[in-house]
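Chemist: Attaching a single structure in structure tokens format; questions to follow.
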Amino acid sequence: MALIFLNNVTISRGNYRVIENLSLEIKEGTITAIVGANGSGKSTLIGAIAGDHPLDEGSISINGLNLKDLSLGEQSRLRSVVSQEQFFWLAFTVRQVIEMGQLYENLSRVESVVSQLGIAAIVDQSVLTLSGGQLQRVAIARALVCDTPIYLFDEPLASQDKKSRADLISLFGTMRDQGKTIVVVMHSEVSDLDWCDQIIQDLT
Amino acid sequence: MRKIYALTLVVVALALVALSVGATSVDSVWAQIFTPNFQSSDVSDQILWQIRAPRILGAIILGIILAVAGVLAQGSTNNPLADPAFLGTTAGAALGVVIGVLTNAVNIASLGAIGWAACGALLSTLLTFWLARNALQLIIIGIAVSATLTAIVGIAITVADRSDVRSVTFWSFGSLSLLTWSSVAVIAVVALPVLVSARILAPQLDLLSLGDAAVRHSGRDPQRIRLIAFLIFSIAIATAVSQVGTISFLALAAPHIARFLVGPSHRHLVAAAAIIGALILLVADTAARSIAPPQDLPIGLLISLIGAPVLILALKRGGVQWR
């Protein structure tokens, strides 16, 4: 059975229909990539699954439950989200940011997640001093500490160097093998996405 | 935390010094301070314990609640410029009290007046927030809302010509000279829940600094956190405005100075800003009543004179980034 199920979803931004009559299934324990040109609705789609955008028509269900009927708390136990842009205005340390708002029982995971993502050396550094790629990995760390069945990543590889890209792709593979379901928005050629199980291109 | 304890001791020491200075000199003042006689009808006892003491304690508690209001305003709007005086809160509180008094619903400086002020404060803050579309607009619209409401207050009290409604100067610059033990008691009753609830809300404000989407994704409602913060700082500002008028700048400066000392985490920031606020208002008010006695200088001038250089120094020492 599909873990995430979109049924005839239509979403508008202003007068413009970004996503039209889209139906798709995302199976448990798979990696799904959403690709397409700028402005093609990739981020809108992943945002809709994250519960950020109201639907004009259709429905999204996760684990057999209609997304509309799930509270913010229930959604947060099903999925973790990493947005494309990270927003910081205060000089919190990387560790403070990763631990913010986490459930107490998940805090024990921080150390292993931090070393998995190769940011152990910067945990006591202020987030205001980090590069875009480092900030992205901090945001991914926040998501991984949550330990949810589903992960939604909006362009997680965008500002990463070649080695970090390879490390993250192999990490995503390991997570899939542990039964996690991953949805990524990507800006790559389809031919570079052999590590994904499903590729979604046409959203309208 | 050690810095906070040290600053608390400084506040206590300064409070004793403040007790010893004033327009009228009191004979053997230190002996009288350490052997207090509250009931005495002696003039020097009256000056120390019925005039200076409530004013000093009032300054400390008001400094605490104004600074905490500033922490909540900046944290809840994710805006380092957010000051309740720039969000319409302060002007709304003043209008609330003036309406309450002019309609004979409440007496000035009572608990009821705080209620009216709190309603005005919350409504005007919500109006500003509802009208603004982004962080910059929040301040511009807030200043416009404040200007409009302040003008209405000025016109209303001039036209009404009532002796129990305080002067335009009081509503624009504030004054601690009218503080009595009963008004200090009223302020203290509100200050404690304000401080405690701000401390409880602190971790949520940390999370809110990551932006609304991040808050929603971790299962909480950012607007709910914001509304609770608005409610707490509206009550705090309402208390200050209804008792001593408009005191601006302190709520803006204290959180920034406190971040320089203890960093951005709101758990520590609430306590540190509270102490800094108490310190600045105490020093400013003591200076206001002792620089040119028997004149009481407007408190707002001295807060700016003392607070602004300290703020600049803290930001310079702290580097270019928001701490």
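Chemist: Below 18 Å, Cα to Cα, which lysines can B:Lys3 reach? Residues fewer than 8 away in the same chain don't count.
Modeler: Straight-line reach from B:Lys3, under 18 Å: no lysines qualify.
Chemist: So what are the three principal axis dimensions of region A:5-141 from its Cα atoms, in whole Å, longest to shortest?
Modeler: 47, 32, 26
Chemist: Rounded to the nearest 500, what is the 222 nm mean residue ellipticity of chain A from helices alone, with -39500 (n - 2.57) per DSSP H run of 4+ residues and division by all residues?
Modeler: -8500 deg cm²/dmol
Chemist: Could I ask something else about it? Projected area of region B:30-160, taken from the Cα convex hull and averaged over every viewing direction, in nm²? Don't skip to the answer; put the middle values down first.
Modeler: Numbers: hull surface 43.2 nm².
The Cα convex hull of region B:30-160, projected and averaged over all directions, gives 10.8 nm².
Chemist: Continuing with the same structure: Just to be sure I follow: if Rg is taken over the C-alpha atoms of the protein assembly as shown and Rh is the Kirkwood radius over the same atoms, what is Rg/Rh? Intermediate values should be presented prior to the final figure.
Modeler: On the way: Rg = 27.7 Å, Rh = 25.7 Å.
We get a ratio of 1.08 for the protein assembly as shown.
Chemist: By average Cβ neighbour count within 10 Å, what is the ranking of A:47-53, B:159-165, A:7-13, B:198-204 from highest down?
Modeler: Working: A:47-53: 21.0, B:159-165: 11.0, A:7-13: 16.3, B:198-204: 18.9.
By packing density, highest mean first, the sequence is A:47-53, B:198-204, A:7-13, B:159-165.
Chemist: Determine, for each peptide in A:188-198, B:284-294, B:108-118, the mean count of other beta carbons within 10 angstrom over its residues, then list the peptides with the highest first.
Modeler: Values: A:188-198: 13.4, B:284-294: 18.0, B:108-118: 21.4.
Sorting A:188-198, B:284-294, B:108-118 by mean packing, highest first, produces B:108-118, B:284-294, A:188-198.
Chemist: For helix B:111-131, report the angle its Cα long axis makes with the longest principal axis of the Cα atoms of chain B; keep it between 0 and 90° and round to the nearest 10°.
Modeler: Roughly 30 degrees between the two axes.
Chemist: Next question. Roughly how big is the protein assembly as shown's charge dipole about its Cα centre, with Cβ charges of +1 (Lys, Arg) and -1 (Asp, Glu), in debye to the nearest 20? Before the final figure, lay out each step's value.
Modeler: Values: 34 positive and 35 negative charges, 198 e Å.
Its charge dipole is roughly 960 debye.
Chemist: I need the peptides B:26-39, B:169-182 ranked by packing, meaning the mean over residues of other C-beta atoms within 10 angstrom, with the highest value on top. Display every interim value, and only then the final one.
Modeler: Values: B:26-39: 11.9, B:169-182: 17.9.
Highest-to-lowest ranking by the protection proxy: B:169-182, B:26-39.
Chemist: Would you mind ranking A:Phe87, B:Phe86 so that the residue whose beta carbon has the fewest other beta carbons within 10 Å leads the list?
Modeler: Values: A:Phe87 13, B:Phe86 24.
By the 10 Å Cβ count, ascending: A:Phe87, B:Phe86.
Chemist: Still on this structure, I have one more. What average number of partner chain Cβ atoms lie no more than 10 Å from the Cβ of the residues making up A:93-100?
Modeler: Values: counts 3, 0, 0, 4, 5, 0, 1, 11.
Mean shielding by partner chains, rounded to a whole number: 3.
Chemist: Something else: Label region A:78-127 by shape, choosing from rounded, prolate and oblate, from the square roots a ≥ b ≥ c of the eigenvalues of the Cα gyration tensor; if a/c is under 1.5 it is rounded, and otherwise prolate applies when a/b is larger than b/c, oblate when it is not.
Modeler: On the way: a/c = 1.44, a/b = 1.10, b/c = 1.31.
Rounded, since a/c falls under 1.5.
Chemist: Exposure proxy check: B:Arg55, B:Arg317 ranked by fewest other beta carbons within 10 Å? Walk me through the intermediate numbers first.
Modeler: Numbers: B:Arg55 25, B:Arg317 9.
Listing B:Arg55, B:Arg317 from fewest to most nearby Cβ atoms yields B:Arg317, B:Arg55.
Chemist: Then there is this: Using only Cα atoms, find the angle between the long axis of helix B:299-317 and the longest principal axis of chain B, and express it within 0 to 90 degrees, rounded to the nearest 10.
Modeler: 50 degrees
Chemist: Same structure, new question: Within 10 Å of each Cβ in peptide B:216-228, how many partner chain Cβ atoms are there on average? Round it to a whole number, please.
Modeler: Values: counts 7, 16, 13, 10, 4, 3, 1, 0, 1, 0, 0, 0, 0.
Mean partner shielding for this stretch: 4.
Chemist: Calculate the FRET efficiency for A:Arg13 and A:Ala166 from the Cβ-Cβ distance with a Förster distance of 30 Å, rounded to the nearest 0.05.
Modeler: Working: r = 35 Å, r/R0 = 1.15.
Approximately 0.30, to the nearest 0.05.
Chemist: Next question, about the same structure. Can you give the FRET efficiency for A:Glu105 and A:Gln84, using 1/(1 + (r/R0)^6), R0 = 22 Å, r = Cβ-Cβ distance, to the nearest 0.05? Each step should come with its number before you reach the end.
Modeler: Values: r = 29 Å, r/R0 = 1.32.
It comes to 0.15.
Chemist: Taking the alpha-carbon distance from A:Lys180 and a cut-off under 28 Å, which lysines remain once sequence neighbours fewer than 8 residues away in the same chain are dropped?
Modeler: Within reach: A:Lys27, A:Lys42, A:Lys68, A:Lys162, A:Lys163.
Chemist: Against the longest principal axis of chain B, how steep is helix B:135-160, in degrees 0 to 90 to the nearest 10, with axes from Cα atoms?
Modeler: Between the helix axis and the principal axis of chain B, the angle is about 40 degrees.
Chemist: Just counting partner chain Cβ atoms within 10 Å, what average do the residues of peptide B:265-272 show around their Cβ? Could the numbers behind the result be given before it?
Modeler: Details: counts 5, 1, 0, 0, 1, 0, 0, 0.
Per residue, the average neighbour count from other chains is 1.
Chemist: Then there's this: Please state the shape class of region B:257-321: rounded when a/c is under 1.5, otherwise prolate if a/b exceeds b/c and oblate if not, all from the C-alpha gyration tensor.
Modeler: Details: a/c = 4.25, a/b = 2.00, b/c = 2.13.
Judged from the Cα gyration tensor, region B:257-321 comes out oblate (a/c at least 1.5, b/c at or above a/b).
Chemist: Which order do B:Val189, A:Val127 fall in if you start with the one that has the fewest other Cβ atoms within 10 Å? If you can, show how the numbers build up before the last one.
Modeler: Working: B:Val189 12, A:Val127 25.
So the residues, fewest neighbours to most, are B:Val189, A:Val127.
Chemist: A further question on this structure: Are there any helices in chain A, counted as whole DSSP H runs, that stretch 15 Å or more along their axis by Cα and score at least -1.0 on average by Kyte-Doolittle, and if so which? Walk me through the numbers on the way to the answer.
Modeler: Details: long enough: A:132-146 (22 Å, 0.77); A:162-177 (23 Å, -0.49).
The answer, listed by residue number, is A:132-146, A:162-177.
Chemist: Quick check: the distance between the Cα centres of region B:181-235 and region B:19-67, to the nearest angstrom?
Modeler: The distance from the Cα centre of region B:181-235 to that of region B:19-67 comes to 33 Å.
Chemist: Could you estimate the translational diffusion coefficient of chain B from the Stokes-Einstein equation, with Rh from the Kirkwood formula over C-alpha pairs, at 4 °C and 1.567 mPa s, in whole µm²/s? Can you show the working numbers first?
Modeler: Working: Rh = 19.9 Å.
Approximately 65 µm²/s, per Stokes-Einstein.
Chemist: In the neighborhood of B:Ser44, defined by Cβ-to-Cβ distances under 15 Å, what is the net charge if each Lys or Arg adds +1 and each Asp or Glu adds -1? Spell out each step's value before the answer.
Modeler: Numbers: positive: B:Arg52; negative: B:Asp27, B:Asp42, B:Asp45.
Local net charge: -2.
Where a number appears in this text, it was derived from the coordinates with a stated rule and is not lab data. Note that this is a predicted model, so its numbers are computed, not measured. Positions of Cβ are backbone-derived with ideal geometry, glycine not excepted, and every protein chain shown enters the neighbour counts.
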